[in-house]
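These notes concern the structure reproduced below.
The values are calculated or read from the model by the stated rules, or taken from the named source; none is laboratory data. Since the structure is predicted, the reported quantities are computational estimates derived from the model, not experimental observations. A quick note on method: Cβ atoms are made from the backbone with ideal geometry, for glycine too, and the neighbour counts reach across all protein chains shown.
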Amino acid sequence: MKLETKVGLFFIGSIVVFAVLIFRTEKLEIGGKRNQSERFTYFDQVAGLNLQSAVRIAGVPVGTVRTITLVNSKARVDVGISKDVPIYADASVSLGSIGILGEKFIDLDPGHSAKGPFPEDKPLPSKAGVSLDNLMETLADIGKNVKGITQSLNESIGGEQGRQKIDEIVDNIRVLTAEFRSMAQENHGAINNTMANVEAISSDLRDKLPKLAQQFEAVGKNLNAILEENRPELKGLMGDVRKVSQSFQGTADNLKVLTDRLNKGEGTIGKLLNDETTIKKINEAVDNLNGMLGGFNKMDFKLDLNAAQWDKRKDSRVGLGIDIVPRPDYWYSLGFASTPDGKINESIRTVTQLDPVTGLPVTILEKNKFVTTDQAFTASAQFAKRIGPMVFSAGIVENKGGGGVELRTLDDDRLRIGFLAYDFTKRDDKPNPRYRFTSSYQFWKGAYIQAGVQDIGNKDLRTIFFGGGLRWKDDDLKKMVGLAGAAK
């Protein structure tokens, strides 16, 4: 049997096997819906929650989001939860997120066993979680309060005249304290005498009760003498207090003039407070920050690390793929790989043979074709668009222009069958474009196996390959890209 016939039979057999897997895999019960129970709940809003988002208990994934629909102005969310997780009558759910920029998930509180099982036909009670929008509203309220405080300070202290009046108030207070200090020093001796008399009275009360009335009279006389002696100072003190009150009245009048000028927009601070352009710029900056954080919060980063053995070339291919996913229906794919690139070479040599007619030796040129393999580092960058189960892609494929189509089916796109075409230039070492048939099946979490045929259109380069890989989401990469964007 010819090699072309073998390859064709293998190709047809692969399609039949994968078609059977598509319609029959659910009966194998390999991680399908049969291992999960279906539950549903309602939220007022589910911004940032996507299909296949995780359902977690204490941070541990126990299920995924299956559908999100709008019912009576509320979001109905259907989830699949592992049958190994019991759910009791006091269970509840809420929306959570991994950090500020992390992906949204449903946080499940399974309740307590004493309450009994939760009915499967009733919605799980939901609680409103703390979202980034609520946080931004709180920050906006704080900003308004800070603005009110600064506006009050600006109304009280504004312009050069305001600073001058505050300096006058400080000078008046300094003069007042100096006068109080001087008065206290002048009456220091009188105060000491008064304290000595008080001590004498307390000691006499214990020993000389009969003379208590006389001592009180003596004390009265002494107090009268002190008042007579310090009467001028007391009058001066009252005059100083009157001056201070007059100064405070003048300060209040000055503050009123200052606030009137600020309200009219006079002076540097008054213009700043009444300038609508400044407020508009601050609002635009806050809106831009909200847009940037929201965009990174919705974006996903998926990684694919794979390796495959190329049968005919006795070598292997190792690759790393990165998908930047702004929305579930389109994404940008980057790929880097070390590929055993096959090339057709031709050798010519001189051979002497006997002529079958004459029996004489003749010299002829013998041409032989052979394939050499070189490990080449290649890069790919494609735009992918999803329409239903079909994914169409185009861009750079292994350093050459190309595109492809892929069928993705089963839960989480576990089964994928695709066709890729690239490198349409015609060369002696590669006469036809390169066509690649690919297939993969994800059998456990992110682990998958793959198989296919490379260089279908070039007979001498055609080879079968098989291998496996891992697919996963990288939240750390999302955070790093988000922080880099915020830093700019």
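Kindly check whether there is at least one residue in region 88-105 that is free of Cβ contacts under 8 Å to residues at least 60 places away in the same chain, assigned to a loop (DSSP other than H, G, I, E, B) and out of contact with any Pro (no Cβ under 9 Å at 6 or more places or on another chain).
There is no residue in region 88-105 that is free of Cβ contacts under 8 Å to residues at least 60 places away in the same chain, assigned to a loop (DSSP other than H, G, I, E, B) and out of contact with any Pro (no Cβ under 9 Å at 6 or more places or on another chain).
Examine region 138-151 for a residue that is modelled with pLDDT under 75, surrounded by 13 or more Cβ atoms within 10 Å (Cβ to Cβ), more than 30 Å from residue 98 (Cα to Cα) and touching a Leu at 6+ places or on another chain (Cβ under 8 Å), and state whether such a residue exists.
Yes, some residue in region 138-151 is modelled with pLDDT under 75, surrounded by 13 or more Cβ atoms within 10 Å (Cβ to Cβ), more than 30 Å from residue 98 (Cα to Cα) and touching a Leu at 6+ places or on another chain (Cβ under 8 Å).
Restricting attention to region 75-104, which residues are in contact with a helix residue (DSSP H, G or I) (Cβ under 9 Å, 6 or more places away or on another chain), within 12 Å of residue 53 (Cβ to Cβ) and of a type outside the set (Gly, Ala, Ser)?
98, 103, 104
Residue 312 passes all but one of (1) surrounded by 15 or more Cβ atoms within 10 Å (Cβ to Cβ); (2) at pLDDT 85 or above; which number fails?
Among (1) surrounded by 15 or more Cβ atoms within 10 Å (Cβ to Cβ); (2) at pLDDT 85 or above, the lone unmet condition for residue 312 is (2).
Please tell me if residue 322 is at pLDDT below 70 and surrounded by 10 or more Cβ atoms within 10 Å (Cβ to Cβ).
no
Could you say which residue among 56, 34 is of a type outside the set (Asp, Glu), modelled with pLDDT of 90 or more and closer than 27 Å to residue 446 by Cβ?
Just a single option satisfies the conditions, and that option is 56.
Looking at 318, 357, 325, 362, which one is assigned to a strand (DSSP E or B) and not assigned by TED's automatic domain parsing to the domain that holds residue 456?
Just one listed residue meets the conditions, 362.
Is there a residue being out of contact with any Phe, Trp or Tyr (no Cβ under 9 Å at 6 or more places or on another chain) and under 18 Å from residue 321 (Cα atoms) anywhere in region 426-444?
Checked region 426-444: no residue is out of contact with any Phe, Trp or Tyr (no Cβ under 9 Å at 6 or more places or on another chain) and under 18 Å from residue 321 (Cα atoms).
Can you name every one of the strands (runs of 3 or more DSSP E) wholly within region 365-446 that holds 1 or more residues which are in contact with a helix residue (DSSP H, G or I) (Cβ under 8 Å, 6 or more places away or on another chain) and surrounded by fewer than 18 Cβ atoms within 10 Å (Cβ to Cβ)?
Result: 400-409.
On the given criteria, is residue 459 within 27 Å of residue 401 (Cα to Cα) and surrounded by fewer than 16 Cβ atoms within 10 Å (Cβ to Cβ)?
It is true that residue 459 is within 27 Å of residue 401 (Cα to Cα) and surrounded by fewer than 16 Cβ atoms within 10 Å (Cβ to Cβ).
When you go through 123, 61 one by one, which is the residue that is over 29 Å from residue 474 (Cα atoms) and of a type outside the set (A, V, I, L, M, F, W, C)?
Only one candidate passes the filter, namely 123.
So which residues in region 30-54 are closer than 11 Å to residue 95 by Cβ, in contact with a strand residue (DSSP E or B) (Cβ under 6 Å, 6 or more places away or on another chain) and not small (Gly, Ala, Ser), if there are any at all?
Those that are closer than 11 Å to residue 95 by Cβ, in contact with a strand residue (DSSP E or B) (Cβ under 6 Å, 6 or more places away or on another chain) and not small (Gly, Ala, Ser): 41, 43, 46, 49.
Of everything in region 47-85, what is in a loop (DSSP other than H, G, I, E, B) and either within 12 Å of residue 108 (Cβ to Cβ) or not assigned by TED's automatic domain parsing to the domain that holds residue 120 (or both)? Give them in sequence order.
Within region 47-85, 58, 59, 85 qualify.
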